[in-house]
Amino acid sequence: MKELEGFVVVVTGAASGIGEACVTAFEDRGANVVAWDLTGTASAGPVDVSDSVAVRAAAEQVREKFGRVDVLVNCAGVITANLPLQEVNPDDFQRNFSVNVMGVVNTSQAVYPLMSQSSHGAIVNVASQAALVCLPSQSAYSASKGAVAALTRASAIDWAAEGIRVNAVCPGFTATPMAMGQMTPELDAAVSRRVPLGRIFQPSEMAEAIVFLASPRASAITGVVLPVDGGWTAGEPALPM
Ligand code: NAP
């Protein structure tokens, strides 16, 4: 029997990047994966996580089909243009918060009653290294991911009595459309110098950490905000000492 045989897993932002890699990783372990993404694709149903009504309707469909949810992976996310704080439009803050933060609130609240039916409920939120060490000219994104980290701890405490574990991963630079959209040869070289492990990561490497935190192997872990960043947040690797 596969490790997560029969598990019901909901993944948001599932049509691309880290979310898509999560779908593959959970399916490989035998899970039934419900994939949601903004516009919908052949493999993911259309669910805008910032729309609480749409999220509740989608959760109701999961209830009708499966009766419960074992794992929720909150991968949907956006990043807005690089600008110093004084130039950031309030709409950009609104967009980062409505998807990156309220998206997690909406899906977590909608799935909570279904997860209460599971004996191993687990939520994994995808925050960012920017939740821990801010990126230049990314105040709105960094603040939203900081909120995801705090929300992870808060929901872990609130739902521990039901046995629902809530953790987050903080990816470093990962080769997805989101990150590669802003990648230049100069940025690639600078990131590789800055990361102690010396490279950009693959979505599948993020998915491995997410699957671990979601699985019963992590049964004692809740409220953790785990960097998966090749050491970026551990410190500066390149001082000439
Ligand atoms: P990605 O390839 O752009 O995937 C993000 C997915 O989320 C896309 O399919 C996107 O759909 C979807 N999405 C956007 N808004 C949504 C909404 N309102 N409702 C539902 N789905 C929505 O990016 P990724 O790099 O895999 O990002 C996944 C998560 O990792 C994000 O939360 C991101 O902040 C985080 N992260 C990424 C990195 C990195 O280096 N890649 C680093 C740290 C953290 P559309 O394409 O249609 O917009």
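Using the Cβ atoms and a cut-off under 11 Å, what net charge is assigned to the surroundings of Gln117, where Lys and Arg are +1 and Asp and Glu are -1? That works out to 0. Taken along its principal axes, the alpha carbon cloud of region 8-227 reaches lengths of 49, 37, 36 Å, longest axis first. When each full DSSP H helix of the chain is screened for a Cα extent of at least 24 Å along its own axis and an average Kyte-Doolittle hydropathy of at least -1.0, the helices passing are 139-159.
A convex hull fitted around the alpha carbon atoms of region 19-138 yields 121 Å³ per residue.
Between Gln61 and Met183, what FRET efficiency follows from the Cβ-Cβ distance if R0 is 30 Å, with the result rounded to 0.05?
The formula returns an efficiency of 0.25 here.
Protection proxy ranking of 141-150, 87-96, 67-76, by the mean of other Cβ atoms within 10 Å over each peptide's residues and highest first, is 67-76, 141-150, 87-96.
Work out how much length Glu3 to Glu236 would gain on full extension: take 0.36 nm times their residue separation and subtract the Cα-Cα distance, in nm to one decimal. Please report the intermediate quantities before stating the final value.
Working: separation 233, 0.36 × 233 = 83.88 nm, distance 3.74 nm.
Here the answer is 80.1 nm.
Remark: the Ala42-Asn82 segment gains 11.2 nm on full extension, using 0.36 nm per residue and subtracting the alpha carbon distance.
Under a point-charge model restricted to the Cβ atoms of Lys and Arg (+1) and Asp and Glu (-1), what is the dipole moment magnitude of region 102-201 relative to its Cα centre, in debye to the nearest 20? Write out the running numbers ahead of the final one.
Details: 6 positive and 4 negative charges, 43 e Å.
In debye, rounded to 20, region 102-201 gives about 200.
For region 109-241, compute Rh as the Kirkwood radius over C-alpha pairs and then the Stokes-Einstein diffusion coefficient at 20 °C and 1.002 mPa s; write the answer in µm²/s, rounded to an integer. Write out the running numbers ahead of the final one.
Values: Rh = 15.9 Å.
My calculation gives 135 µm²/s for D.
Given the rule -39500 (n - 2.57) for each run of at least 4 DSSP H residues, summed and divided by the residues of the chain, what is its mean residue ellipticity at 222 nm, to the nearest 500 deg cm²/dmol? Intermediate values should be presented prior to the final figure.
On the way: 8 runs with 95 residues, N = 241.
When only DSSP H runs of four or more count, the value is -12000 deg cm²/dmol.
Just so you know, all these numbers are worked out from the coordinates, no wet-lab data involved. This is a predicted model, so every value here is computed, not measured. Every residue, glycine among them, receives a Cβ derived from its backbone with ideal geometry; neighbour counts consider all protein chains shown.
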